[in-house]
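Every read-out reported here was derived from the displayed coordinates using simple, explicitly stated rules and does not represent laboratory data. Keep in mind the model is a prediction, meaning the values are calculated, not measured. For neighbour counting, all protein chains shown are included, and Cβ atoms are generated from backbone atoms with ideal geometry for every residue, glycine included.
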Amino acid sequence: MPSQPPPPLPHFARTGHAAHCNRCLTGLPSSQIDVDAQTLAVGFYCLGTLDILGLLESKTNEVERKDWKEWIWEQVRTGSYGTGFKPGSYMTPESKSLSETDQFREFDPPHLIMTYVALLSLAILRDDFSKLDRQGITKFVRSCQREDGSFSSLPNSGDSDLREVYCAFAISSMLDDWSGVDVDRAIQYIRRCMSYEGGYGQEPSGEALGGTTYCALASLYLAPSSKHRDPGTSITPTERSRMIRWLVQNQTLEHGGFSGRTNKLADACYCFWCGASLHILGASPLVNSTTLTTFLSSCQFKFGGFAKAPNERPDPYHTYLSLAAISLFPPPSENKDDPNYEEWKNVSRIDPLLNATLETEKWIRRHVPAPSHYQTFESHEH
Amino acid sequence: MPRNSDDEDRKLYSERPEWADVTPVPQYQGLNPIAPIFYTPQYKDATEYFRGVISTGEKSERVLELTEAIIRMNPAHYTAWQYRYQTLIALKSPLDLELKLMDGIAIQFLKTYQVWHHRRLLLTALHDTPSSSSSQPAALAELAFISRVLMVDSKNYHTWSYRQWLLSYFDDVHLWTGEISFVERLLEEDVRNNSAWHHRFFVVFGRGQQQGEEDRPEVLKRELGYTKDQISLAPNNPSAWNYLRGILEQTKTPFSNLESFVQLYVSSEPPKQDILDLENPAPGESAELPCVAALEFLADIHEQAGADRVQKAIEIWKSLGDKYDTMRKKYWEYRIREALASS
C-alpha cells in the first residue's frame with residue numbers, strides 16, 4: 001500500500017509568531033490578570049520564542065533588551081532563605097524601604113520555578129551574570145527541599161511536585177553546583193511518582209502525565225554522575241520500555257499530535273513534553289513526525305502564535321512549546337517538495353534537558369557557573 | 001455583611017469609609033516591565049489595600065473579605081491565598097465555614113492549583129486541631145464534595161490528585177470503602193476515563209490495599225474479571241489495556257495467563273463461541289476488530305515465550321506497522337529490531 005503524501009504545509013507565520021510575543025512582552029490585557037503572579041514565565045515563553053526563531057536581534061532593539069534584563073534583575077530577593085527571583089512585581093511596594101521589611105520578605109519571596117525561567121531568560125538576553133549571587137541561589141534551592149526529597153516552590157510553602165524538582169535540578173546544573181540538592185533523596189521522590197502506565201504523575205501516586213514525565217526524565221538525566229549513579233540509570237530497562245510504549249501511545253490517531261494522558265485529546269504543549277521525553281530516552285526516531293507536523297501546523301494561528309489545538313486562541317506558552325517541538329522534530333523529508341518546507345525547518349535546535357536553544361545553552365554553561373569553575377574547565381581544554 | 005456578596009457592584013476600597021484607616025500601598029512595576037498587565041480599577045485598588053494590610057500585618061475579618069475579592073478576580077494570586085490562610089488560623093475562624101465558601105470558588109476555578117492547595121491546608125488543620133472531636137466527618141464530606149466536582153469535570157487532574165491526597169492523608173477504612181464503587185460509577189459513564197482507571201489502581205494496589213483486602217489472589221481475580229468485562233464492552237480502549245498490563249506486572253502474573261482471552265480479539269471477525277465462557281468474555285458484534293492492543297499483548301506473550309515464538313511476535317508487529325496501526329510503524333519496527341537483537 002503506497003503511503004499517502006502528507007497534506008500541504010501552511011505558510012509558516014514566522015514574523016507573526018515574533019509579533020505575538022512582542023505584543024505580550026509589551027503588555028497584556030486585563031483578561032490576563034490570572035498570570036499576574038507568573039509574569040517571568042510569560043516573559044520566558046516570549047523571549048524563548050524569539051530566540052528559537054532567531055529573531056531576538058532583529059525584532060527587538062538594544063534598549064528593550066537592556067530594560068528587560070534590568071527588570072529581571074529587579075526581581076531578585078535575598079533573605080534568610082537565600083537568593084532567588086520572584087515572579088514579577090505583583091506584590092512589590094513602591095517604597096523601596098517598605099519592600100525590605102520582614103513583612104514583604106515573607107510575602108514577596110523568591111520562587112523556585114521563576115528562578116529557573118529568570119536564569120534562562122537572562123541567558124537568552126546574553127547577560128554576563130556578573131550580578132548573580134551564586135551561593136545565595138544554592139542556599140535558596142536548599143531551603144526549598146523537603147523531608148520527602150521534593151521541593152516547594154516557595155521557601156516553606158507553595159506547591160511541591162515534579163515541576164519544582166526539575167527546576168531545582170536545572171538550576172543546579174546551570175550553576176554546576178549541586179550542593180543545594182540532596183540528589184539521592186530527590187531521585188527517590190521522582191521514583192515514587194512513576195505510574196503503572198509507564199509515565200510519571202505529578203506527585204507520588206498520580207496519574208501518568210506528559211509534562212511531569214518530562215520533568216522527571218530531564219531531572220534524572222541532568223543529575224550529576226556519582227560513584228553509584230550514572231545519568232539515567234535510575235530507570236531500569238523494563239521501566240524504559242514501558243515509558244517509551246506509553247509515550248508513543250500518546251501520539252493520537254485522531255489528530256496526530258500528542259496527548260498528555262491516555263485517552264485525552266492532542267495538545268500542542270504535549271508535543272513538546274512527550275516528544276522531548278522520547279528524545280531524552282534516545283527514542284526520537286519513534287515519533288511520527290509526519291502527523292506531528294500536520295497537527296502542529298493546524299494549531300498555528302495564521303496571524304501568529306500557536307494554540308493548544310486547532311481553532312483555539314494562541315498564547316506564548318503554546319507558541320514556545322510548539323516551536324520547541326518543531327525544533328526537535330522538524331518536518332520529515334516527505335514534505336521536502338512542499339514550498340513551505342524550508343520555512344518550517346528553519347527553527348534553531350534546542351537542548352531538550354534545559355529547554356533552551358543550543359546557543360543559549362552554551363552561553364549558560366559558560367557564564368552561569370562560578371567563574372573559577374569555568375577557568376578550571378578551560379585550563380583542562382588547553 | 002456576608003463575605004460572599006456580589007463583587008461587581010461593590011465600591012472600591014478607597015471609597016469605603018470602613019477602610020479609611022488603611023494606607024493603600026501602590027505597586028512598583030519598574031520602568032520597563034516585562035508583560036505588564038493592564039489592571040482593572042477594581043484589581044488595582046484591591047491589591048493596593050492588600051499590600052497595605054501586609055505592611056501592617058493586620059489579620060482580621062475584613063482581610064478575609066479583601067483576600068476573597070482578590071481571589072475571585074485572580075484565583076492564581078497565591079499570596080492572597082497564603083495570607084488568607086494565615087488570617088483564618090490567627091482568627092481561629094471556623095474552617096468548616098471556610099470550606100463551604102470555597103466550594104463555589106473551587107467549582108468556578110477548577111483548573112487553578114491554589115484552589116486545591118488551600119483545601120489541603122484546611123483539611124490538614126482540621127485534622128491537626130485537638131479540639132475537633134473527629135476529622136473523619138470533614139474528610140467524608142470532602143469526598144462527597146470531590147465527587148460532585150468530578151461530575152462537572154471527570155478528568156480534572158487537580159481534583160483527582162486532591163482525592164488521592166485526602167485518602168492517603170486520613171487513611172481511614174471508612175474513607176476507602178466506597179472508592180471502588182465510585183470508580184465503577186464513573187467508568188459506567190465513560191469507560192475511557194483514564195483518571196478513573198488510574199484511581200482504581202491507586203485504591204486496589206496503592207495506598208488502599210492494606211484496608212481489609214488481605215486475600216490478594218481473590219483481589220487479582222476480581223480485577224482481572226472486571227477489566228476483561230470492560231474490554232469486551234469496548235475493546236479499543238487503551239486505558240483498560242494499560243490497567244490490565246499494570247495489574248499483571250504489579251502482581252508478577254505472566255501475560256500468558258491471558259492468552260485465551262486475548263485470542264478472542266485478534267482476528268478480524270468476532271469469534272463464534274458455542275459455550276458462553278464467563279472467564280473470557282468475547283467482543284460484541286459491533287466491535288472493531290482486530291483490536292490493536294490485543295495484537296500487541298499477544299505479541300508480548302510470544303516474545304516472552306522466546307525461541308521460535310519470537311517469529312510469531314515479529315509477524316504481529318509487522319502487521320501492526322503495515323496494516324493495523326500504521327501511524328506507529330516506526331515503533332513496531334523498533335520492537336522487531338529489539339527482539340532480534342536480544343534473541
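Scan the stretch A:158-201 for residues that are in contact with a His (Cβ under 9 Å, 6 or more places away or on another chain) and within 11 Å of chain B (Cβ to nearest Cβ) and report the count.
Count: 6.
For B:Ala293, are the conditions met, namely being of a type in the set (A, V, I, L, M), surrounded by 21 or more Cβ atoms within 10 Å (Cβ to Cβ) and within 12 Å of chain A (Cβ to nearest Cβ)?
Yes; evaluated as a whole, the condition is true for this residue.
Within the group A:Thr49, A:Thr39, which residue is in contact with a Phe, Trp or Tyr (Cβ under 9 Å, 6 or more places away or on another chain), within 22 Å of B:Thr112 (Cα to Cα) and part of a helix (DSSP H, G or I)?
Sole residue among the options that is in contact with a Phe, Trp or Tyr (Cβ under 9 Å, 6 or more places away or on another chain), within 22 Å of B:Thr112 (Cα to Cα) and part of a helix (DSSP H, G or I): A:Thr39.
Could you check the stretch A:142-197 and list, in sequence order, the residues that are of a type in the set (A, V, I, L, M) and in a loop (DSSP other than H, G, I, E, B)? Quick ask: steps written out before the conclusion?
Initially, the stretch A:142-197 is screened for residues of a type in the set (A, V, I, L, M), giving A:154, A:162, A:165, A:168, A:170-171, A:174-175, A:181, A:183, A:186-187, A:190, A:194.
Listed by number, the list holds a single entry, A:Val181.
Have a look at A:Thr138, A:Thr212 and point out the one that is of a type outside the set (Asp, Glu), over 23 Å from A:Ile280 (Cα atoms) and either part of a loop (DSSP other than H, G, I, E, B) or touching a Gly at 6+ places or on another chain (Cβ under 7 Å) (or both).
A:Thr138
Suppose the filter is free of Cβ contacts under 8 Å to residues at least 24 places away in the same chain, among the polar types (S, T, N, Q), within 21 Å of B:Pro26 (Cα to Cα) and surrounded by fewer than 21 Cβ atoms within 10 Å (Cβ to Cβ); does A:Ser95 pass it?
Numbers: free of Cβ contacts under 8 Å to residues at least 24 places away in the same chain: yes; among the polar types (S, T, N, Q): yes; within 21 Å of B:Pro26 (Cα to Cα): yes; surrounded by fewer than 21 Cβ atoms within 10 Å (Cβ to Cβ): yes.
Yes: the conditions hold for A:Ser95.
Mind checking which pairs have a first residue in the stretch A:31-51 that is without any contact (Cβ under 8 Å) to a residue 24 or more places away in the chain and a second that is assigned to a helix (DSSP H, G or I) and among the hydroxyl-bearing types (Ser, Thr, Tyr), Cβ under 6 Å, 6 or more apart or different chains?
Matching pairs, first to second residue: A:Ile33/B:Tyr43.
How many residues are within 12 Å of chain B (Cβ to nearest Cβ), in contact (Cβ under 8 Å) with a residue 40 or more places away in the chain, buried (at least 19 other Cβ atoms within 10 Å of the Cβ) and of a type in the set (A, V, I, L, M) if we restrict to the stretch A:231-265?
2
Restricting attention to the stretch B:134-153, does a residue exist that is more than 27 Å from the chain's Cα centre (by Cα) and not acidic (Asp, Glu)?
Among the residues of the stretch B:134-153, not one is more than 27 Å from the chain's Cα centre (by Cα) and not acidic (Asp, Glu), which makes the answer no.
Can you pull out the helices (runs of 4 or more DSSP H) entirely within the stretch B:1-115 that have at least 1 residues that are under 33 Å from the mean Cα position of the chain (by Cα) and within 10 Å of chain A (Cβ to nearest Cβ)? Quick ask: steps written out before the conclusion?
On the way: elements: B:41-56, B:61-73, B:78-90, B:95-108.
Per the criteria, B:41-56, B:61-73, B:78-90.
If we scan the stretch B:268-286, do we find a residue that is surrounded by fewer than 20 Cβ atoms within 10 Å (Cβ to Cβ), polar (S, T, N, Q), in contact (Cβ under 8 Å) with a residue 12 or more places away in the chain and over 24 Å from A:Thr238 (Cβ atoms)?
So in the stretch B:268-286, the residues surrounded by fewer than 20 Cβ atoms within 10 Å (Cβ to Cβ) come out as B:268-282, B:284-286.
Within this subset, residues satisfying the condition of being polar (S, T, N, Q) are B:268, B:273, B:280, B:286.
Next, only the ones that are in contact (Cβ under 8 Å) with a residue 12 or more places away in the chain stay: B:268, B:280.
Filter once more, keeping what is over 24 Å from A:Thr238 (Cβ atoms): B:268, B:280.
Yes - at least one qualifying residue is present in the stretch B:268-286.
Within the stretch B:45-64, how many residues are charged (D, E, K, R) and buried (at least 18 other Cβ atoms within 10 Å of the Cβ)?
Going through the stretch B:45-64 one residue at a time, the tally reaches 4.
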